[in-house]
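Reviewing the structure listed below.
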Amino acid sequence: MTLVDQYGPIVLFLSLTLETLGLPVPGESALILSSAIAGTGQISIWQVVIAAWLGAVLGDNIGYFLGRRYGRQVLLIYGARFGITESRFAKVEAITARYGPLMVIVARFVVLLRQLNGLVAGSARMHWLTFLLSNMLGAALWVGFWAILAYRLGQSVTILPYIGRHIGVLVAIVVPLLIGALIFGYVHLRRSRMSGGPSNR
């Protein structure tokens, strides 16, 4: 807890900025821990929320412009040392091509998508304004969810170790299921509207 405890929002901002560039930095766990510490009154929850949101948006946008400037091949060559493999990149590319802005919003809640979100959107040449607005919304939802949850739980100091041990496991199981259900519902609704559109005229 030392770095977050001592430097609070600054460390959180840097962690999230670097994590969203695809680097192996604990961004989500830093957000959870910082929010829990804020619940004990040691730091301001508003500082945590603002630092986390700015770091998430900035990191993704740096990634976007790197992806747009250098493209897929360069990112794979230099990103391999940070765990950005071709199979992972291709997986995120397929999701981006299929869901576009929706993927940018929900990607914040999914481990692999969160790290490669901006890089892939940039290399796929998604319109920057579309990416920016979707990314800002996704970051706000993600930060708000974890900040509120961890802040409330953090008001009981004894529960801090429990948060660190179990929250990551919980989100890894529950959140992808919820996002998958939302995406499935969105796609199903869109297809039904497209197929039923002409007959309603």
Test of understanding: among Gly71, Gly55, which residue is open to solvent by less than 10 Å² (accessible area, probe 1.4 Å), under 20 Å from Trp128 (Cα atoms) and assigned to a helix (DSSP H, G or I)?
Gly55
Residues within segment 94-108 that are under 17 Å from Asn61 (Cα atoms) and not hydroxyl-bearing (Ser, Thr, Tyr), tallied
9
Filter result (touching a Leu at 6+ places or on another chain (Cβ under 6 Å) and over 27 Å from Pro9 (Cα atoms)) within segment 119-158:
none
Does Arg98 qualify as being open to solvent by 20 Å² or more (accessible area, probe 1.4 Å) and among the charged types (D, E, K, R)?
yes
Restricting to segment 24-43, count the residues that are in a loop (DSSP other than H, G, I, E, B) and closer than 18 Å to Trp142 by Cα.
2
Please go through segment 7-32 and give me each residue that is over 18 Å from Gly63 (Cβ atoms) and open to solvent by 50 Å² or more (accessible area, probe 1.4 Å), ordered by number.
Tyr7, Ile10, Ser29
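Name the single residue, out of those in segment 110-134 being open to solvent by 40 Å² or more (accessible area, probe 1.4 Å) and hydrophobic (A, V, I, L, M, F, W, C), that is nearest to Val57 (Cα to Cα).
Filtering segment 110-134 for residues open to solvent by 40 Å² or more (accessible area, probe 1.4 Å) gives 111-112, 124-125, 127-130, 133.
The next check asks that each one be hydrophobic (A, V, I, L, M, F, W, C); those that pass are 111-112, 124, 128-129, 133.
Working: Val111: 16, Leu112: 17, Ala124: 18, Trp128: 13, Leu129: 13, Leu133: 10 Å.
Only one residue tops the list, namely Leu133.
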Could you tell me whether segment 136-152 includes any residue that is more than 23 Å from Ala38 (Cα to Cα) and at pLDDT below 85?
no
Restricting to segment 89-127, what's the tally of residues that are without any contact (Cβ under 8 Å) to a residue 40 or more places away in the chain, among the β-branched types (Val, Ile, Thr) and over 14 Å from Gly138 (Cα atoms)?
3
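The values are calculated or read from the model by the stated rules, or taken from the named source; none is laboratory data. The model shown is predicted, which means the values in this text are computed figures rather than measured ones. Ideal geometry is used to build each Cβ from the backbone, glycine not excepted, and the neighbour counts take in all protein chains shown. Just the protein is used for accessible areas: all its heavy atoms, side chains included, with ligands, DNA and RNA removed. Shrake-Rupley method; radii C 1.70, N 1.55, O 1.52, S 1.80 Å.
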